[in-house]
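The values are calculated or read from the model by the stated rules, or taken from the named source; none is laboratory data. Remember, predicted model here, so these are calculated numbers, not experimental data. For neighbour counting, all protein chains shown are included, and Cβ atoms are generated from backbone atoms with ideal geometry for every residue, glycine included.
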Amino acid sequence: MSQSASLLEAINSSDDLKKLKRSELADLATEIREAIVHVVSNSGGHLASSLGAVELGIALHYVFDTPRDKIIWDVGHQAYAHKLLTGRRNQFETLRRHGGLSGFTRRSESDYDPFTTGHSSTSISVGLGIACAKRLKKDPSKVVAVIGDGSMTAGLAYEGMNQTGDTHKDKDLIVILNDNEMSISPNVGAISSLLSRTFSAAKLQMMRKEFGEFLKSLPRIGENVYQFAKRSEESFKTFVTPGMLFEAFNFEYFGPIDGHNLDHLIDILKNIKTMDEPVLLHVITKKGKGYQQAEKNPVYFHGVSSFDIDTGICRKKATNVPTYTEVFGKTMVELAKTDPRIIAVTAAMPEGTGLVPFSQAYPERFFDVGIAEQHGVTFAAGMATEGFRPVVAIYSTFLQRAYDQILHDVCIENLPVVFALDRGGIVGEDGPTHHGLFDLSFLRSIPNMVMMAPKDENELRHMLATAVAHDGPIALRYPRGRGSGVDLDDTFEMLPIGKGEVLERGEDLVMIAVGSAVNEAICAAALLKENHHIRATVVNARFVKPLDHELILSLVRSIPTVLTIEENTLAGGFGSAVLELLSDKGMAHVSVKRLGVPDCFVEHGPQDVLRRKYKVDAAAIVRAAIELKESTTTIYQNGHQEATRYATGR
């Protein structure tokens with residue numbers, strides 16, 4: 001076994017890490033990278049960002065007294081080295097597997113994870129909250145928030161900085177900006193690194209404070225001289241570094257420095273650890289560092305499925321069936337050819353939402369607003385007031401951040417904004433922060449909103465065409481992954497708003513499904529007919545709001561046994577909408593069973609495993625249909641017997 005291989009095996013805590021010599025840390029970084037690449041090549045995950053933050057993770061745990069000192073990793077994409085260094089090395093092979101380690105930081109997973117992170121840009125606000133709580137408890141330990149340059153595009157990050165810098169006395173917070181995109185020229189970088197290490201030296205900080213007090217004590221002119229000296233120092237720093245913005249928030253800014261130089265990192269972290277005011281350290285890192293394939297293509301290796309280490313090629317079997325995301329992107333380009341009103345808006349996810357082809361074909365009509373979903377929605381509302389048809393393409397889970405803007409800025413004025421919700425339903429290995437299981441519930445509660453979900457990728461095309469033609473707010477949600485493999489129509493069909501379709505006819509029960517659950521219902525109906533002689537009517541609801549009242553009521557009048565199926569939380573979801581309809585229409589005699597996700601947060605794991613566990617797959621539909629039919633038959637028989645006894649006087 002090589003020396004470097006033995007280093008990581010000896011580390012189960014930050015205390016173990018501190019036993020290493022500085023000269024050994026570079027070998028440790030190499031071994032950590034090898035472990036990350038090995039595991040992610042099998043399990044998939046966020047590779048490029050974590051490879052870029054290896055030295056930063058080592059330096060932080062080497063300098064700070066974790067877990068007493070708190071390190072909040074924004075999002076968690078950067079935290080794989082952190083996991084390996086904090087007692088999870090033996091479990092690392094289970095990363096993102098069902099029952100294994102989360103791909104993000106989780107409070108329930110380790111004492112070294114002070115906060116559960118899945119959505120970006122929360123670390124500064126969380127860190128400030130923890131820092132203020134520590135101050136109230138008279139706890140002198142430190143708080144460090146590590147945030148990426150992409151996450152700094154979100155307003156929440158600046159809201160946290162604004163409060164931190166406002167009357168910043170005793171707000172002891174260290175923010176580390178992990179910048180893996182900004183280009184810094186070598187000479188500026190070298191000067192900035194020197195300045196940062198000089199300005200941050202503990203003794204110099206004390207000298208600056210003492211000298212400042214001396215200047216202020218000078219009779220009559222003291223305060224003016226002090227302010228002039230301070231402005232001169234800050235002007236010099238901001239002239240040779242990009243720190244003017246952060247200094248404006250009353251942060252002491254240091255950097256940028258090389259985030260892969262462990263000696264420099266450790267030196268400056270030791271120095272700023274002694275400071276008792278808001279500090280921002282700007283480090284430059286390289287995405288994919290140490291793995292050539294990821295360095296060449298950091299976008300692809302940001303979030304990747306299993307791959308061959310030597311070539312970097314994905315191990316998934318080749319298929320001609322496109323993903324829903326790909327179909328959406330292709331359809332956007334087609335529709336935009338004939339409709340110049342169509343605008344595409346996304347929040348730092350052009351690749352993830354399939355909008356790269358649109359951005360290339362219509363660059364002037366494509367807007368990436370950064371990680372700023374709230375702004376993106378209100379920005380789209382503004383464009384809609386000028387006659388455009390903005391399509392806001394955002395993952396379902398991320399749209400949750402913009403609920404207020406959807407309600408106030410779009411729906412109150414009934415503006416024609418289209419919401420394309422990718423990753424609707426169970427998403428998979430990214431876990432509870434990424435499953436799109438609440439959109440049917442939170443969107444259908446808003447007046448003026450139309451909500452629909454396609455049964456397959458061809459219907460997605462027709463729904464998108466219908467959406468951009470609709471004069472009001474409208475949302476369509478579709479799942480992660482490949483479609484059903486159906487043929488795609490060359491022409492678009494305008495779907496009537498609020499109308500579903502009957503796919504199969506049967507006399508024993510009615511199954512009403514929405515979105516990706518429709519195909520599971522069709523499969524279940526075939527099994528029921530073949531194996532249990534139960535014939536079901538299968539309805540593709542298409543619309544969650546408005547419901548097809550006429551179709552549903554006409555069916556339940558003759559078949560008063562209903563099973564609803566959705567890949568959404570049951571609380572306030574599609575099944576609830578059906579129950580509300582039946583209640584409002586006085587159809588209390590109809591027996592209804594709802595299938596969907598119960599009132600819980602779904603863990604990470606493969607989509608098929610989670611669908612089976614939460615009973616939204618074909619096998620679960622079959623079992624539920626049999627139970628519903630048997631219970632309905634028993635109720636009918638008991639009622640008939642009671643009626644017979646009453647009629648005969650027995």
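The residues of segment 348-383 that are part of a helix (DSSP H, G or I) and buried (at least 23 other Cβ atoms within 10 Å of the Cβ), listed by number, are Phe358, Glu373, Gly376, Val377, Ala380, Ala381.
Checking Ser43, Ser50 one by one, the residue that is under 20 Å from the mean Cα position of the chain (by Cα) and free of Cβ contacts under 8 Å to residues at least 60 places away in the same chain is Ser50 and no other. Does segment 483-505 include one or more residues that are under 23 Å from the mean Cα position of the chain (by Cα) and within 29 Å of Gly45 (Cα to Cα)? Yes, segment 483-505 contains at least one residue that is under 23 Å from the mean Cα position of the chain (by Cα) and within 29 Å of Gly45 (Cα to Cα).
Cβ-Cβ distances below 6 Å connect the following pairs, each with a first residue in segment 432-461 that is small (Gly, Ala, Ser), a second residue that is assigned to a loop (DSSP other than H, G, I, E, B) and surrounded by 24 or more Cβ atoms within 10 Å (Cβ to Cβ), and a separation of six or more residues or different chains: Gly436/Arg423; Gly436/Gly424; Ser441/Gly573; Ala453/Val514; Ala453/Gly515. Checking each residue in segment 12-21 for being more than 31 Å from the chain's Cα centre (by Cα) and closer than 22 Å to His38 by Cβ picks out Asp16, Leu17, Leu20.
Contact annotation: residue pairs with Cβ atoms under 9 Å, 6 or more positions apart or on different chains, pairing a residue in segment 571-587 that is of a type in the set (Ser, Thr, Tyr) with a partner that is in a helix (DSSP H, G or I) and at pLDDT 95 or above, are Ser576/Ser441; Ser576/Arg444. If the condition is being in a loop (DSSP other than H, G, I, E, B) and under 12 Å from Asn180 (Cβ atoms), then segment 280-300 contributes Thr285, Lys286, Lys287, Gly288, Lys289, Pro298, Val299. Looking across segment 489-539 at every residue that is free of Cβ contacts under 8 Å to residues at least 12 places away in the same chain and not assigned by TED's automatic domain parsing to the domain that holds Leu555, the one that is surrounded by the most Cβ atoms within 10 Å (Cβ to Cβ) is identified as Pro496. When Leu84 is evaluated against the numbered criteria (1) in contact (Cβ under 8 Å) with a residue 60 or more places away in the chain; (2) under 18 Å from Lys273 (Cα atoms); (3) hydrophobic (A, V, I, L, M, F, W, C), which criterion, by number, is the only one it fails? Status for Leu84: all satisfied but (2).
With respect to Val391, determine if the residue is crowded, with 19+ Cβ neighbours inside 10 Å and in a loop (DSSP other than H, G, I, E, B). When the stated conditions are applied, Val391 does not pass them.
Of the residues making up segment 236-253, those that are touching a helix residue (DSSP H, G or I) at 6+ places or on another chain (Cβ under 7 Å), at pLDDT below 85 and not in a helix (DSSP H, G or I) are Thr241, Gly243. Among the numbered conditions (1) in contact with a Phe, Trp or Tyr (Cβ under 6 Å, 6 or more places away or on another chain); (2) buried (at least 19 other Cβ atoms within 10 Å of the Cβ); (3) within 27 Å of Pro140 (Cβ to Cβ), the only one that Leu47 does not meet is (3). Starting from residues that are touching a residue at least 60 places away in the same chain (Cβ under 8 Å) and in contact with a helix residue (DSSP H, G or I) (Cβ under 6 Å, 6 or more places away or on another chain), keep the ones in segment 112-135 and report whichever is farthest from Phe251 (Cα to Cα). Of everything passing the filter in segment 112-135, Ser120 is farthest from Phe251 (Cα to Cα).
A count restricted to segment 273-305 and to residues that are surrounded by fewer than 21 Cβ atoms within 10 Å (Cβ to Cβ) and under 30 Å from Cys132 (Cβ atoms) stands at 5. If you go through segment 102-111 and keep only what is in contact with a helix residue (DSSP H, G or I) (Cβ under 9 Å, 6 or more places away or on another chain), of a type outside the set (S, T, N, Q) and surrounded by fewer than 22 Cβ atoms within 10 Å (Cβ to Cβ), you end up with just Glu109. Tell me, yes or no, whether segment 334-347 has at least one residue that is assigned to a loop (DSSP other than H, G, I, E, B) and either under 30 Å from Asn178 (Cα atoms) or at pLDDT below 95 (or both). Yes: one or more hits. Would you confirm, using the coordinates I've provided, whether Ser151 is within 30 Å of His38 (Cβ to Cβ), touching a residue at least 40 places away in the same chain (Cβ under 8 Å) and small (Gly, Ala, Ser)? Judged against the criteria, Ser151 is a match. Selection of helices (runs of 4 or more DSSP H) fully inside segment 568-650 by the criterion of at least 1 residues being closer than 24 Å to Ala525 by Cα, modelled with pLDDT under 95 and of a type in the set (Gly, Ala, Ser) returns 618-648. Number of residues in segment 335-388 that are of a type in the set (D, E, K, R), free of Cβ contacts under 8 Å to residues at least 24 places away in the same chain and farther than 25 Å from Met152 by Cα: the value is 2.
Is it the case that Lys142 is out of contact with any helix residue (DSSP H, G or I) (no Cβ under 6 Å at 6 or more places or on another chain), surrounded by 17 or more Cβ atoms within 10 Å (Cβ to Cβ) and modelled with pLDDT of 95 or more? For Lys142, the condition - out of contact with any helix residue (DSSP H, G or I) (no Cβ under 6 Å at 6 or more places or on another chain), surrounded by 17 or more Cβ atoms within 10 Å (Cβ to Cβ) and modelled with pLDDT of 95 or more - is met.
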